[in-house]
Amino acid sequence: MSVNVELSSAFGVFTDDVLTTKVEGKTVREVLHGLTKQFPKLGRVLLNQEGNLMQTYDFFINGESVYPKSMTALLKDGDLLNILYLIHGG
């Protein structure tokens, strides 16, 4: 099963400016781990030591925010997973 992944432009430095790709996986966790296999540099900034998405990022499935709800959220073939860098400030 293939999921479309779109990355925030901030990740381009870790993916040689590739910001859209297809990744195999049934859950958000599987897709993120597949993505970091394609782009190993991305894994160092995207995932923490437990293999979860770091808190400075957010992800959306088909336009709906699912973080921090669950890395086990199920995906369907052709779903769109967006990964965004959260901007903090005050």
When the chain is fully extended, how far beyond the present Cα-Cα distance does SER65 get from ASP17, taking 0.36 nm per residue of separation? 14.9 nm
Given points 7 Å out from each Cα along the Cα-Cβ axis, report the ILE87 to GLU24 separation in nanometres with one decimal. 3.8
Set of aspartates and glutamates near LYS41 by C-alpha distance (under 14 Å), chain-local residues within fewer than 8 positions excluded: ASP16, ASP17
Where Rh is the Kirkwood radius over the Cα pairs of the chain, the temperature 4 °C and the viscosity 1.567 mPa s, what D in µm²/s does Stokes-Einstein return? 100
Normalising by the residue count of the range 1-77, find the relative contact order in percent from Cα pairs under 8 Å and 6+ residues apart. 31
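Only the coordinates and a few stated rules stand behind these numbers; no lab work does. For clarity, every value in this text was computed on a predicted model and none was experimentally measured. Here the Cβ is made from the backbone with ideal geometry for all residues, glycine too, and neighbour counts use every protein chain on show.
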